[in-house]
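What follows is a single structure, written as structure tokens, with notes after it.
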Amino acid sequence: MKLATLLIIAVLAFLVGIYKTEAASPASGSVPAAATAVNATSKFQLGKHYEMISAVPAKSADQIEVAVVFWYGCPHCLAFEPVLEQWRRSVGVPIKLVRIPAMFPLARLHAQAFFTAEAVGKINEMHDAFFTEIHANRNRLETREKLQEFFARFGVDAKRFNDAFDSAIVHEEMDNALQLAKKYRAAFVPTIVINGKYKTDPSAAGGPAALVELMNELVKAEVKPKA
């Protein structure tokens, strides 16, 4: 079976799990029926270009949380990384960037690798390298053995890799990522969530350039006026 077919099946299975969970238990901080756009004069429309997923903002002192649901195997995520990094440096507002690896079946191993890299203190060195290895070097890192070899290039020996890969903290982080994906109803990668309240993605926004413009609007809407 071709990889593209497997990916479609995996994403559909992931989404079924999300919507079954949501149907079984209402989400906390539900969106008010009278939710309004953040900017009445904006070209971006609530319900078309972005969604309000919660009336309650994320708790982060003096920072706006920007969460990105992504998958290392996703070419759109690869393309968005430099755009996101340039935006982060130039936005002019204190933000807290949170990366949430997708947890659908094909992405699960890469999510575990992401949290393993965090656990061994190598994520800053390895984050871009994961994308390069998969997309430029054509090594999909689809097995534990390939991941172990990849981590060794960054000075992580087999024992250290395996201890972290199988650790309770890594599995706890994976469970948290799954719950956040359900909470945010992240049907696509990449998905952007601003301060736990607003959700969008490149397709909904109208492309990467429009997404950056929309992110600027949503972030500025969350900035609290100084007393």
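Surrounded by fewer than 19 Cβ atoms within 10 Å (Cβ to Cβ) and more than 15 Å from residue 99 (Cα to Cα): is that true of residue 225 in this structure?
Yes; evaluated as a whole, the condition is true for this residue.
Can you tell me which of 17, 47, 92, 29 is at positive phi, surrounded by 12 or more Cβ atoms within 10 Å (Cβ to Cβ) and either modelled with pLDDT under 50 or over 17 Å from the mean Cα position of the chain (by Cα) (or both)?
29
Checking the structure you have, find out if any residue of segment 165-185 is aromatic (Phe, Trp, Tyr), buried (at least 17 other Cβ atoms within 10 Å of the Cβ) and closer than 21 Å to residue 69 by Cβ.
yes
Are there any pairs with C-beta distances below 7 angstrom linking a residue in segment 92-107 that is touching a residue at least 60 places away in the same chain (Cβ under 8 Å) to a residue that is in a strand (DSSP E or B) and not aliphatic (A, V, I, L, M), with the two at least 6 apart or on different chains, and if so which?
Between residues of segment 92-107 that are touching a residue at least 60 places away in the same chain (Cβ under 8 Å) and residues that are in a strand (DSSP E or B) and not aliphatic (A, V, I, L, M), the close pairs are 101/70; 102/70; 107/101.
Return only the number of the condition from (1) closer than 26 Å to residue 91 by Cα; (2) under 22 Å from the mean Cα position of the chain (by Cα); (3) not in a helix (DSSP H, G or I) that residue 225 does not satisfy.
(2)
Is it the case that some residue within segment 66-77 is in contact with a His (Cβ under 8 Å, 6 or more places away or on another chain), modelled with pLDDT of 95 or more and under 28 Å from residue 54 (Cα atoms)?
Yes, some residue in segment 66-77 is in contact with a His (Cβ under 8 Å, 6 or more places away or on another chain), modelled with pLDDT of 95 or more and under 28 Å from residue 54 (Cα atoms).
The values are calculated or read from the model by the stated rules, or taken from the named source; none is laboratory data. In this text the structure is predicted, and so the values were computed from the model without any measurement. Using ideal geometry, Cβ is built from the backbone for each residue, glycine included, and neighbour counts are taken over all protein chains shown.
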